[in-house]
Amino acid sequence: MTDKELKELQDKLWGAADILRSGAHLAANKFGQPILGLIFLRYADILYKQHKKEIENEFNSLKGTRREKNIQDIAIEKCGFYLPEEASYTKINDAPDTAEKATLVKKAMEAIEKYNKQMNGVLPKEVYGQLVPEEEPDLLSRIMRIFMDIPEDISIDLFGQIYEYFLGNFALEEGKGGGAFYTPATVVRYMVEVLKPEYGNKKFLDPACGSGGMFVQAARYMHNHNQNAATDDIMQFVCNGVEKEPDTVKLAKMNLLLNNVRGEIKEANSFYSDPYNAYGSYDYVMANPPFNVDEVVYERIKDDKRFNAYGLPKNKSKAGKKDDKKETVPNANYLWISYFATALNETGRAALVMANSASDAGNSEYEIRKAMIEKGIISQMVTLPSNMFSTVTLPATLWFFDKQKCSSPKKDEILFIDARNVFTQVDRAHRKFSDEQIKNLGIITRLYEGDIQAFNDLLAEYQNKIDLAKENHDLAVEEENKSFNAFYPDYEKQMEGKKNGEKELAASNAQHQMILDNIESDFKETSEYFTAQIKWLKERFPDGKYQDVIGLCKVARLEGEDGIIDQDYSLNPGRYVGVVIEDDGLSEDEFKQTMLALKTQLGDLSKEAGALEKQIAANLKELFGE
């Protein structure tokens with residue numbers, strides 16, 4: 001399935017949500033639960049069919065022997081779960097289009113949970129009764145038929161992308177509430193691109209995991225970049241997630257299973273609970289935690305080593321003032337930041353999304369930041385563009401930690417990147433990173449690490465895209481000309497003497513030319529796009545090595561002029577990277593002439609505005625006599 005075909009399928013499937021809006025007896029923010037449940041049921045049906053023959057063959061071959069196993073155990077070994085007959089999506093879809101279908105879906109969900117303990121209590125069940133209203137009892141059937149359009153031979157990766165597409169759309173629909181369970185995929189992909197996770201007995205923590213997107217993107221990255229990894233290495237990648245919202249825990253568990261990611265999600269509050277004994281345990285930590293939480297009780301976290309290794313955020317003391325209320329942490333941002341740093345093992349790396357304000361926060365937070373900088377654990381800071389999140393319009397900042405850096409020659413330096421001007425506009429209110437923008441920003445980190453080969457490989461990848469587009473262009477032109485030339489002589493004879501024959505011949509020629517123009521346009525668009533990517537990289541790193549680029553990136557050292565100490569331990573990339581002053585290409589005299597012309601134009605427009613104002617006043621006076 002091509003990217004275009006996948007996008008068309010996703011858009012078509014999303015139409016199911018529109019059907020729900022028009023007929024279901026559901027609140028606007030409750031559409032996600034039944035839709036995601038049906039996606040899961042369809043996934044289970046397709047995946048089980050792909051393994052069914054293998055499962056049944058092994059069951060029959062072992063039957064009656066000392067090694068006999070029940071079919072449920074064999075199924076879990078082969079595809080991760082057992083699907084009983086009553087949970088077949090196809091069978092439910094084929095049932096009569098009545099209100100009874102909601103009962104069939106409920107029983108299917110119950111059966112899956114019964115035979116697959118990891119899904120116990122996860123799947124939606126009761127909600128489907130609201131999808132068969134009395135006035136439209138076939139509503140659920142119509143939605144289920146839409147999901148039958150998902151092809152039976154679809155891969156797990158593509159199914160995971162469909163689920164992620166729906167999660168993202170539901171997050172946008174819910175606005176602020178949606179941001180609690182979903183971090184935009186392109187932001188996560190960039191975080192993963194920098195973190196560069198690897199297979200092999202690795203532990204991964206997300207203490208505010210939402211719907212599990214960090215785990216999924218990390219697993220996809222490892223799959224794409226470690227094609228030769230042994231199956232044992234893949235299985236040893238273990239995800240541990242913590243999420244305090246029960247419904248979101250369910251979304252995450254479904255997300256992991258849909259994407260074939262091994263992991264565990266626990267319902268807990270990460271400030272007061274440490275279900276995995278995180279301190280010093282993890283190879284990778286990633287999260288987009290809630291910003292600016294101000295109700296964390298100080299007494300409950302003050303002795304927790306996860307939070308106090310670098311100091312605790314604390315309110316200023318107010319002498320003589322007594323307050324019966326329990327003291328709270330003024331802002332929990334630095335609790336999250338400390339948690340990430342302390343959860344890492346000796347080779348661990350971390351990435352988190354954080355409010356911009358944390359980069360320059362004062363008082364006790366300043367002291368924590370200073371301690372972390374001097375320890376050397378902070379490796380990189382990146383300012384994101386605004387409008388990348390459904391809940392935050394201002395830019396957020398990515399923090400990256402590397403425990404090994406604390407004892408390396410780079411201990412006293414930090415890479416700063418200002419990515420505020422690198423984005424693709426989705427709509428008026430939302431932005432994202434394109435695939436190439438993720439790679440281009442990621443290559444800055446690779447060059448800083450000394451990986452010149454990665455830079456050359458990326459240039460070669462873009463050039464190969466241009467070369468392939470040219471090959472496809474030439475082949476398409478050749479095939480169109482061959483087809484047209486084979487058809488045209490006979491067609492020309494057929495049109496001789498016919499009424500409107502000349503017009504039809506002209507139309508045929510025009511259609512042929514339009515096809516050639518479209519082929520040329522597609523090639524030109526692709527060629528120009530990837531040429532621009534190559535130019536972007538070469539202009540900024542002409543020698544194929546890392547260098548500071550004004551307005552984009554800078555390596556700042558702890559000491560020295562304009563160093564981190566000089567900047568009062570700020571971690572705001574804008575303080576270090578600087579701003580590009582664009583050259584307009586005009587000489588001083590040309591600039592003066594341009595400004596004078598604009599001044600004259602402004603004067604003329606002002607006079608015109610004055611005349612219009614008088615005319616409007618006169619018209620109003622004539623109408624109302626005042």
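Observations on the structure shown:
- Just one residue in the set 78, 7 is without any contact (Cβ under 8 Å) to a residue 24 or more places away in the chain, open to solvent by 10 Å² or more (accessible area, probe 1.4 Å) and part of a helix (DSSP H, G or I); that residue is 7.
- Among the residues listed as 111, 99, 95, 87, the single one being under 30 Å from residue 137 (Cβ atoms) and under 32 Å from the mean Cα position of the chain (by Cα): 87
- Segment 289-307: number of residues that are open to solvent by less than 30 Å² (accessible area, probe 1.4 Å) and assigned to a loop (DSSP other than H, G, I, E, B): 2
- Number of residues in segment 210-226 that are farther than 14 Å from residue 261 by Cα and in contact with a helix residue (DSSP H, G or I) (Cβ under 7 Å, 6 or more places away or on another chain) equals 1.
- Checking residue 337 against (1) within 21 Å of residue 279 (Cα to Cα); (2) surrounded by 20 or more Cβ atoms within 10 Å (Cβ to Cβ); (3) at pLDDT below 95, the condition it does not meet: (3)
- Residues of segment 313-334 that are aliphatic (A, V, I, L, M) and at pLDDT 85 or above: 329, 332.
- Pick from segment 19-34, criterion farther than 15 Å from residue 132 by Cβ and modelled with pLDDT of 75 or more, ranking: farthest from the chain's Cα centre (by Cα): 33
- When each of 284, 272, 334, 339 is tested for being touching a helix residue (DSSP H, G or I) at 6+ places or on another chain (Cβ under 9 Å), among the hydroxyl-bearing types (Ser, Thr, Tyr) and in a loop (DSSP other than H, G, I, E, B), the lone residue that passes is 272.
- Criterion (on the phi > 0 side of the Ramachandran plot and either modelled with pLDDT of 95 or more or surrounded by fewer than 17 Cβ atoms within 10 Å (Cβ to Cβ) (or both)) met by exactly one of 569, 546: 569
- The lone exception for residue 354 - which of (1) in a helix (DSSP H, G or I); (2) surrounded by 15 or more Cβ atoms within 10 Å (Cβ to Cβ); (3) not acidic (Asp, Glu) it fails: (1)
Quick grid of which residues meet (1) more than 11 Å from residue 287 (Cα to Cα); (2) modelled with pLDDT under 80; (3) aliphatic (A, V, I, L, M):
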residue: 171; (1), (2), (3): yes, yes, yes
residue: 202; (1), (2), (3): yes, no, no
residue: 205; (1), (2), (3): no, no, yes
residue: 210; (1), (2), (3): no, no, no
residue: 216; (1), (2), (3): yes, no, yes
residue: 219; (1), (2), (3): yes, no, yes
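The values are calculated or read from the model by the stated rules, or taken from the named source; none is laboratory data. Note that the structure is a prediction, hence the values are computed from the model and not measured. Positions of Cβ are backbone-derived with ideal geometry, glycine not excepted, and every protein chain shown enters the neighbour counts. With ligands, DNA and RNA removed, areas are computed over all heavy atoms of the protein, side chains included. Shrake-Rupley method; radii C 1.70, N 1.55, O 1.52, S 1.80 Å.
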